[in-house]
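Data block below; observations after.
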Amino acid sequence: MEGSTGARRAGATGGTSADAGHGEKKRSLAQLFCLIFGLVLVVVGILGFFVENGSDFALPDSLNPGARGELFGIFDINGWENIVHIATGALLLFGSVQANLARTIALIFGVAYVAVTVLGFIDSEDVLGLIPVNTEGNLLHAALAAAALLAALLPTRDAADRAGH
């Protein structure tokens, strides 16, 4: 009788005792990328408005394309770059909720950051006359682009399982 009660309990929850703990779906690599780097970019974008550069760097002064500050004493930034970081971070966070959406957004993000990297290395001062860059920023943009493209393009566990079966 106890066995049938246990079976009934398992059936009432939609699974068996062997399914216990497997109800949670793991996040995909693209979702993890979007979640982690989305949070980092939003925080970095906000922190960017509090840098010291010897003058008033708060909005709206930091939106002057000639305004430059240093984040962590390494990366050249201004208000436009902070806004881009917050916006792209929010986009990544939005994408983190669903695996296919995360892959698409990570791909778009990766391609966009490849373009930012190329433009930054070509000019070596700014991107499109708005966003200041330096070598360290260009290298970081290149690393972010590579990570995003890997997260977007590497096969998922489900795809690998389907290919193997």
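What is the one condition in (1) surrounded by 18 or more Cβ atoms within 10 Å (Cβ to Cβ); (2) at pLDDT 90 or above that residue 126 does not satisfy?
For residue 126, the exception is condition (2).
Which numbered condition trips up residue 117, out of (1) under 15 Å from the mean Cα position of the chain (by Cα); (2) of a type in the set (S, T, N, Q); (3) at pLDDT below 95?
Answer for residue 117: the failing condition is (1).
Somewhere in the stretch 131-139, is a residue over 19 Å from residue 73 (Cα atoms) and surrounded by fewer than 22 Cβ atoms within 10 Å (Cβ to Cβ)? Step through it out loud before you land on a result.
Step one: filter the stretch 131-139 for residues over 19 Å from residue 73 (Cα atoms), giving none.
Within the stretch 131-139, not a single residue is over 19 Å from residue 73 (Cα atoms) and surrounded by fewer than 22 Cβ atoms within 10 Å (Cβ to Cβ).
Against the conditions (1) modelled with pLDDT under 75; (2) in contact with a Leu (Cβ under 6 Å, 6 or more places away or on another chain), where does residue 77 fall short? Just the number, please.
(1)
Taking residue 70 as meeting all but one of (1) modelled with pLDDT under 85; (2) part of a loop (DSSP other than H, G, I, E, B), write down the number of the exception.
Evaluating residue 70 over (1) modelled with pLDDT under 85; (2) part of a loop (DSSP other than H, G, I, E, B) leaves (2) as the failure.
Which helices (runs of 4 or more DSSP H) sit wholly inside the stretch 73-165 and have at least 3 residues that are farther than 19 Å from residue 44 by Cβ?
Passing ranges, in order: 99-123, 135-153, 157-164.
Output the number of residues of the stretch 110-152 satisfying the condition of being β-branched (Val, Ile, Thr), in contact with a Ser or Thr (Cβ under 9 Å, 6 or more places away or on another chain) and over 14 Å from residue 81 (Cα atoms).
Qualifying residue count, the stretch 110-152: 1.
Scan the stretch 23-44 and tell me whether some residue there is outside any loop (DSSP other than H, G, I, E, B), in contact with a strand residue (DSSP E or B) (Cβ under 9 Å, 6 or more places away or on another chain) and at pLDDT 80 or above.
Of all residues in the stretch 23-44, those outside any loop (DSSP other than H, G, I, E, B) come to 29-44.
Now narrow it down to the ones that are in contact with a strand residue (DSSP E or B) (Cβ under 9 Å, 6 or more places away or on another chain): 44.
If we keep only those that are at pLDDT 80 or above too, we end up with 44.
Yes: one or more hits.
Does the stretch 48-55 contain at least one residue that is under 29 Å from residue 152 (Cβ atoms), buried (at least 19 other Cβ atoms within 10 Å of the Cβ) and at pLDDT 90 or above?
Of the residues in the stretch 48-55, the ones under 29 Å from residue 152 (Cβ atoms) are 48.
Filter once more, so that each one left must be buried (at least 19 other Cβ atoms within 10 Å of the Cβ): 48.
Now restrict to residues that are at pLDDT 90 or above: none.
No, every residue in the stretch 48-55 fails to be under 29 Å from residue 152 (Cβ atoms), buried (at least 19 other Cβ atoms within 10 Å of the Cβ) and at pLDDT 90 or above.
The values are calculated or read from the model by the stated rules, or taken from the named source; none is laboratory data. What you see is a predicted model, and the numbers here were worked out from it, not measured in a lab. Cβ: placed from backbone, ideal geometry, glycine included. Neighbour counts: every protein chain shown.
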